[in-house]
Structure formats: C-alpha cells, structure tokens
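One structure is given here, and the rest of the page talks about it.
Values in this text are rule-based calculations from the coordinates and carry no lab data. Not measured: the values here are computed from a predicted model. Neighbour counts run over all protein chains shown; Cβ positions are idealised from the backbone, glycine included.
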Amino acid sequence: MPIHLIGLLGGVASGKSLVARELARLGAGLLDADRAGHEALGVERVKQAVRKHWGPGVFGADGEIDRARLSRIVFAAPPDGPRERRYLEQITHPEIGRILHRQAGEMASLGVAVAVLDAPLLIEAGWDHCCDTLVFVDAPRELRLTRARKRGWSEEEFAAREEAQESLDVKRKRAHLILDNSGSVEQVRAQVERFWRTLVG
C-alpha cells in the first residue's frame, strides 16, 4: 500500500514543525527536510561543490561545512544573497530529495501508512507534487516574528528567510487544509487530531 504523504506549508516560524510533531505523535512517519539538508551538506560531492564555489572559508576545523557561515552568505541582501542561495539549492535539493525518497520508502516497507514532510522550500523544490495532501499552517506575521526572535533571529534575518520562500498567498491557495496556529498548543493539537481522523478514520 503506498504511503499517504502530507506536505506542510506556511510562513517562517508559523509552527510547521509543531504540526509535524503532533502528526508524528499520532502515528505519522516524519520526513524532516532540514535534517535531510544537514545530511546532504555532509555528502562528499556537495562538499566539493561548496568548496569550489565559496572556498575553504565556509568550512570548520573539522572539515565539515559551517552552516552559520554559509547561511550568512546565502541569506545576504540582494542581489548577492538570492543568487548564492539559488546555487546552493541547485547542488543540495537533488541530494535532499534522494534522502527523503529513501526514507519514505523505508517507512512504507515498515507498514507506515501516512508520513508528513516538513520542508521550508516544499513548493520551490517541487516536492509538493509528491504530496497527497497539502496543509497550510497559518499564524500572523507579528506572532511569527516573536517566535523567530526567540530562536535568536533578528527581524532582518526573519525577513530574508521569508523573502527566500514562495509567497504566503500562493502557499495558502495550494493547500487542501488550513490550520490556525495563532493560539495555544492545545488548540493546534485539537485541529491536528480532527484532521488525522479524516485520514485514518
């Protein structure tokens, strides 16, 4: 039986990871594109492409890519930031896609019926076309900014990451379901549980 894949959409710090964790708590497999992205940066051919393009300055003493240094480059102000980010995506997205596809296959072989894909660039990478259901996690900008600041981001960093993604209007229109994450965790949990029952009965 093929796995039913749920893709999560939403703005930066909207609570997609919270929804993903709640779905995983109910029994869904979890495909975390950020984690797969970390894994992809450790793949030798990706490291070689990064070193060739940006030089040794984005590597740590351990020989691995320093994500903080790389982030400062790819989330810099236009025109440099967006151009560098596109290059990074060109070399990492195929590898991330392979990792996620492998993980989904492993889950399916274990009998997992539903999996959730938490990926900041779901639409941009084209992974939305692999999803059976798209869920938009909605939250007001000020609330999302407050959450981002708790992660240690400045408003400039928040804006740069938001700018790097598809517009909220496009994401909202693509979604089959909208979850409101402007309230408490309990309120989100109740919405996720209702949605889960529509999938598994």
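Rounded to whole numbers, the Karplus 3J(HN,Hα) couplings from phi for region 24-36 are 5, 4, 7, x, 6, x, 10, 10, 9, 5, 4, 5, 5 Hz, using 6.51 cos²θ - 1.76 cosθ + 1.60 with θ = phi - 60°, and x at Gly and Pro.
Across the options Trp196, His93, Thr146, the greatest Cα extent toward the positive end of the charge dipole of region 82-201 (unit charges at beta carbon of Lys, Arg, Asp, Glu) belongs to Trp196. Note on Arg35 and Arg51: the model spin-label points, each 7 Å out from Cα along the C-beta direction, lie 2.8 nm apart. With 22 Å as the cut-off, how large is the P(r) tail for region 37-117, expressed as percent of Cα-Cα pairs? The proportion of pairs with Cα distances above 22 Å equals 35 percent. For Glu124, nonlocal amide neighbours, meaning residues 5 or more places apart or on other chains whose placed amide H falls under 5 Å from its own, are Glu166. For the chain, adding -39500 (n - 2.57) for each run of n ≥ 4 DSSP H residues and dividing by the number of residues yields -17000 deg cm²/dmol at 222 nm. A simple charge model with +1 on the Cβ of Lys and Arg, -1 on the Cβ of Asp and Glu and nothing else charged puts the dipole of region 16-70 at about 140 debye relative to its Cα centre.
Amide H contacts of Ile178: Phe136, each under 5 Å away and 5 or more positions distant or on a separate chain (H built 1.01 Å from N in the peptide plane; Pro and chain starts excluded). Mind scanning Lys16/Lys150; Lys52/Lys171; Lys16/Lys173 and naming the pairs with a C-alpha gap bigger than 27 Å? Correct reply: Lys52/Lys171. With N the number of residues in region 4-76, Rg(Cα) / (2.2 N^0.38 Å) evaluates to 1.40. The Cα center of region 85-116 and the Cα center of region 12-56 differ in position by 9 Å.
Length gained on full extension, His4 to Thr198, computed as 0.36 nm times the residue gap minus the Cα-Cα distance: 68.6 nm. Across region 4-200, C-alpha contacts under 8 Å between residues 6 or more apart give a mean separation that, scaled by the residue count, equals a relative contact order of 40 percent. The calculated FRET efficiency for Ser167 paired with Leu110, based on their beta-carbon distance and R0 = 35 Å, is about 0.45. What size of dipole, in debye to the nearest 20, comes out for the chain about its Cα centre when the only charges are +1 on Lys and Arg C-beta atoms and -1 on Asp and Glu C-beta atoms? In total the dipole reaches around 60 debye. Loop-only GluC sites (Glu not before Pro) in region 51-130, please: DSSP not H, G, I, E or B, and at most 13 other Cβ atoms within 10 Å. Here the GluC sites (Glu not before Pro) that fit, given the DSSP loop and packing criteria, are Glu64.
Pairwise alpha-carbon distances in the chain exceed 27 Å for 33% of all pairs. Amide H contacts for Leu30 (H built 1.01 Å from N in the peptide plane; partners 5 or more residues away or on another chain; cut-off under 5 Å): Val116. The DSSP beta bridges internal to the chain are antiparallel in roughly 5% of cases.
Couplings for region 168-181, taken from phi via the Karplus curve 6.51 cos²θ - 1.76 cosθ + 1.60 with θ = phi - 60°, read 4, 4, 5, 4, 5, 5, 6, 6, 8, 8, 10, 10, 8, 10 Hz in order; Gly and Pro are left as x.
Comparing region 79-136 with the 2.2 N^0.38 Å rule of thumb, its C-alpha radius of gyration ratio is 1.33 (two decimals).
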